[in-house]
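J.: Submitted below is the structure of interest, expressed as structure tokens.
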Amino acid sequence: MSSSRCNQRCPPATQYFCFCSDISMSVYDVTSRSVYVRWSKVAGAMSYKITAIPVMSLAQPTFAVFNSATILGTINTLLPNTNYEVAVEALNQDGIILAQVQKVQMTAPEVPIIEQTYSKLSNSITVEWPEVPGASRYLVTAQDGKFFSETIVSSSPGTVTGLQPATSYRITVRSINDAGKSQPSRPRNAKTVLAAPLVSVVSPTSDSVSVSWQVVPSAALYSVSVMRSDGLGNRWNQNTTGTSINFTSLDPGTIYTIKVHAWDAHGTPGDDVTYNQIIRPICPSDLQITFDSGALEATFAVIGAEATTNYTVFVSNGIDSINCTMSASPCIISDLQCGMEYTVSLAARNDAGSTMANRTWLIKSVPCAPSGITIMEENPGNLTVSWSDVELAEYYVVFVKSDDGLEVHCNTSQTVCFFPAECGFIYFMSVFAYNKAGQSPLGEILNYTTAPCCPSDFSPGYVSTDTLEIIWSAVRGAEMYETKADDGTNVILCNDTATVCALSGLQCDTQYNVTVYSYSENRGSNTSCASKAVRTAPCSPEITNITKINTNTFTIYWDSSNFDAVYTVTARGSGGEMDCTNSDTYCSLENLPCGALYMVSVVATAPSGTSLPSYSVPLETDPCCPSNLSVVQVTQSVTNVSWSVATGAQTYTTMLVSPRGQAKCHTLQNHCLLGCITCGTSYSVSIEATSQTGLTAMCTYHGYSSSACCPSGVKLYRLSNSGIRVTWRASSGPANYTVNLYGSKGNFTCVPNTSYSYCDLTDIQCGDVYTVVVSPISSGEPQLSFCPKKIYSVTCSGSSLGMVIYRGKRSVS
């Protein structure tokens, strides 16, 4: 016996009887009656023996022997669905076991027996077989040449899909358990049924339907059935060997269900296909036409209209064609042309197609509105209105209305009219042409705005070292005001719709030429307004030295160059209050008690006002910040800031800062008026509190957002006899607005969609004067009260709809 690596580890006396498991084995494949085993080679082995012993069974063991060159062997004649202990032994030339390995392996279930195969759909075949013991699932296979399709199912019957119509397939079934798959069953042949035809259905007329289809391979006959989808009426069934059938005497505008399937030569029906088809409608010949000559629109209504049918009206003048579509409700064509004759035709349409009416109708329009209207003011106070001549017009009427409600008109056969005009008014002109057919439609409405008046009674309402509040009375025609302060070097501007403006950031003790200009959106600014000279309050003195004269007398020195000012020195402390006055730059405080601590300051007084006090000396602890702060918007560009008195503080500097700039105010009071505020802007709010000795504390508060900008370009348009549209140009910031309309006959409110810059109001009666306010709305904030009010007159003259006349923003009735 030759030695092997395995036997070298055995004791010499027992090496002929020793074996080891230095051999590996794996199961390569398993079927119902076979197990395929692969093993590793063992040195010195001359043959390999495979043994299969049933586990928990009285069946006989089975074995097979292979030569030394073989590493893959099969053991057959096993029982299906049975556990076997499979062992592989490596033997030497004397039949001694050199190595051995074993494992338990189950065989696959028994091979199924197909009982029945059939096809109900063109892409599948169903197979039935008896259940196989031990099988957990089954593999159903359909094969046609190189093509095959497999489906795993849990039990019988099983259906294999993805097949071709009218095709024969070889069908097999294999049982499966956790060990493997059985051999395929005895095959059976089965054929899929015919595919459904590719059908096309149309309704060529209002009482018929045409059904056609493509040829189905192997089809011997086709069956077609037609009936109403609601189940009423008759059902038509027809067989044919052709590829099309027509059905007549059907109900117009009714949905029919069509089914088509093919039969093979053995009388087996294939897949069917179902279509729902509506029949074309009948087009009525009774069309009701209502023509509005003033609005150049026509309303069309079909008598006896069907709810399932759409009706299209075609209106043509021989060159252009317009149409509108309706169902049960009328439709309107509103963009007809004046001076035209139109031919009207009607078509009824549903999903099947359309049917034209067997007659047409005629409508005529009125003369066109005059065009080329021009307005000239060659001399101030006189307006000339002219226009182009209109064909077919017999005479013209010109309506002119000013924004104070006064209306005049002139009748003429010429193409020009003359009217007087005043400054600060807006005039609206419209021209109508007339002939025997009636009044022309409303044409172009022009407006002409004369220059607004200049405010002449303005005066300073508040003066400080860096701020001038200018107040004036409203003037006619002005929509906004611009206040300018010019000291010869720098110019400060303030724009506002209110009649008050705060000019801040000015130089102290400086004379400014202040001018208030009026502005209208149509004419711009009136630059001929006169100016007035206003001087700001004196500059604050600066204490330069405090000299002790004796134990109870001190001389205070300061530096200041104010014009025509008198200075007052004030000392406040635990010993009371003392002061002295001088027009020079020093002053002495006498008889002061000893041991007291004073805060000393100097104030300059002049006819223009009082300066802020100087910094106090000596320096003490920092002052406190105000505990309460209130920011109130006064106008669109003016904000009033107030706060509580702070302990130890004498003066305050208020600042509103944003990326667009800052507003600043320095005051002794606990409130301050800040101008030049930008609407719809977030500001950071801070106060610089200054003590008597000059110490300052910067106090920052929660952010402040100025009120949203009032919209511009507010206009009214007449929509109908009882409707008005309010439009505006939206400002930046919030997108929500509220519209309020006030009149003697009622008040109206409208809140439009956030994406709109207009709002429609209904039940608005003509013959009244309305005040319109469009205000932005911010979440959680009240409606703004300072947005400009515009006045419009809604008259009942000028046209069948009346006119909307803008009367401007008026503060004085």
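J.: Exposed loop GluC sites (Glu not before Pro) only (DSSP loop, at most 16 other Cβ atoms within 10 Å): please give the longest stretch of the chain free of them, not including the sites.
T.: 132-390
J.: Further question on the same structure: What order do you get for 508-516, 693-701 when each peptide is scored by the mean count of other beta carbon atoms within 10 Å, highest first?
T.: The densest-packed peptide leads the list: 508-516, 693-701.
J.: Students often check this: by mean Cβ neighbours within 10 Å, which of 120-126, 316-322 ranks highest, and how do the rest follow?
T.: Ranked by mean Cβ neighbours within 10 Å, highest first: 120-126, 316-322.
J.: Moving on. Using the basic label-point model (7 angstrom from Cα toward the beta carbon), what is the Tyr586 to Glu131 distance in nanometres?
T.: Those two pseudo-labels are separated by 12.6 nm.
J.: Still on this structure, please answer the following. So if we plug the beta-carbon distance of His671 and Asn545 into 1/(1 + (r/R0)^6) with R0 = 30 Å, what FRET efficiency do we get, rounded to 0.05?
T.: 0.35
J.: Taking a threshold of 30 Å on the Cα-Cα distance, which of the pairs Lys49/Lys146; Lys41/Lys181; Lys120/Lys181; Lys146/Lys259; Lys103/Lys146; Lys484/Lys745 fall above it?
T.: Lys49/Lys146; Lys146/Lys259; Lys103/Lys146; Lys484/Lys745
J.: Let me ask another. Just to check I understand the Karplus step: with θ = phi - 60° and J = 6.51 cos²θ - 1.76 cosθ + 1.60, what whole-Hz values come out for the range 320-325, glycine and proline as x?
T.: 10, 10, 10, 9, 9, 10
J.: Quote the FRET efficiency, to the nearest 0.05, computed for Asp292 versus Asn234 with a Förster distance R0 of 41 Å and r equal to the Cβ-Cβ distance.
T.: After rounding, the FRET efficiency stands at 0.25.
J.: Given a 1.4 angstrom probe, I'd like the percentage of the accessible area of the chain that is carbon and sulfur, rounded to a whole number.
T.: Accessible surface attributable to carbon and sulfur in the chain totals 49 percent.
J.: Under a plain spin-label model, where a point goes 7 Å from the Cα along Cα-to-Cβ, how far apart in nm are Val55 and Val751?
T.: 8.0
J.: How far, in nm, would the chain grow between Asn276 and Ala43 when pulled straight, counting 0.36 nm per residue and subtracting the alpha carbon separation?
T.: 75.9 nm
J.: Which of the trypsin sites (Lys or Arg not before Pro) found in the range 302-367 are in a DSSP loop and have at most 14 neighbouring Cβ atoms, other than their own, within 10 Å?
T.: Passing sites in the range 302-367 are Arg359.
J.: Give me the 1.4 Å probe accessible area per residue for the chain, excluding ligands and nucleic acids, in Å².
T.: With all protein chains present, the chain gives 49 Å² per residue.
J.: May I pose another question? Kindly list the residues of the range 489-505 that lie in the label zone of Val657, defined by a backbone N under 11 Å from the point 7 Å along the Cα-to-C-beta vector.
T.: Hits in the range 489-505 for Val657 at 11 Å: none.
J.: Now for a different question. In 10 Å bins starting at zero, report the fraction of Cα pairs in the chain per bin as a rounded %.
T.: 2, 8, 10, 10, 9, 8, 8, 8, 8, 9, 8, 7, 5, 1, 0
J.: Please state the shape class of the range 359-428: rounded when a/c is under 1.5, otherwise prolate if a/b exceeds b/c and oblate if not, all from the C-alpha gyration tensor.
T.: Prolate.
J.: I need the phi-derived Karplus couplings for the range 455-462: 6.51 cos²θ - 1.76 cosθ + 1.60, θ = phi - 60°, integer Hz, Gly and Pro marked x.
T.: My calculation for the range 455-462 gives x, 10, 10, 6, 7, x, x, 8 Hz in order.
J.: I'd like the Karplus ³J(HN,Hα) series for the range 398-406: coefficients 6.51, -1.76, 1.60, θ = phi - 60°, whole numbers in Hz, and an x wherever there's a Gly or Pro.
T.: The phi angles translate into 10, 10, 10, 10, 8, 6, 8, x, 6 Hz.
J.: OK, next. Give the long-range amide H neighbours of Gln650: residues separated by 5 or more places, or on another chain, with amide H under 5 Å away, using H modelled in the peptide plane at 1.01 Å from N.
T.: Residues meeting the amide H criterion: Thr690, Ser691, Gln692.
J.: Working with all protein chains in place, sort Ile471, Ile556, Ile96 by solvent-accessible area computed with a 1.4 Å probe, largest first.
T.: The residues order as Ile471, Ile96, Ile556, largest area first.
J.: Tell me the accessible surface of Val216 in square angstrom (1.4 angstrom probe, heavy atoms of protein chains only), to the nearest ten.
T.: Ignoring ligands and nucleic acids, Val216 comes out at about 10 Å².
J.: What percent of all Cα-Cα pairs in the range 19-110 falls into each 5 Å bin, going from 0 up to the bin containing the maximum distance?
T.: Over the range 19-110, the share of Cα pairs per 5 Å bin runs 3, 15, 27, 24, 15, 10, 4, 1 percent.
J.: What is the local net charge at Thr449, summed over the other residues whose Cβ is closer than 10 Å to its Cβ (Lys, Arg +1; Asp, Glu -1)?
T.: Local net charge: -2.
J.: Compute the signed sum of charges (Lys and Arg +1, Asp and Glu -1) over the other residues within less than 11 Å, Cβ to Cβ, of Leu72.
T.: Net local charge, Leu72 excluded: 0.
J.: Scan around Gly443 for amide H atoms under 5 Å from its own, H built in the peptide plane at 1.01 Å from N, and keep only partners 5 or more places away or cross-chain.
T.: Here Val431 satisfy the definition.
J.: Could you pull out every residue, at least 5 positions away or on a different chain, whose amide H is within less than 5 Å of the one on Thr678? Hs are placed 1.01 Å off N in the peptide plane, and Pro or chain starts have none.
T.: none
J.: Now for a different question. Report the label-to-label distance for Asn736 and Gln214 in nanometres (one decimal), using points 7 Å from each Cα along the Cα→Cβ vector.
T.: Placing both labels 7 Å beyond Cα along the Cβ direction yields 6.0 nm.
The values are calculated or read from the model by the stated rules, or taken from the named source; none is laboratory data. Values in this document were obtained by computation on a predicted structure and should not be read as measured data. Note that we place each Cβ from the backbone using ideal geometry, even for glycine, and neighbour counts take in every protein chain shown. Protein only, heavy atoms only, side chains kept; ligands, DNA and RNA dropped before computing areas. Shrake-Rupley method; radii C 1.70, N 1.55, O 1.52, S 1.80 Å.
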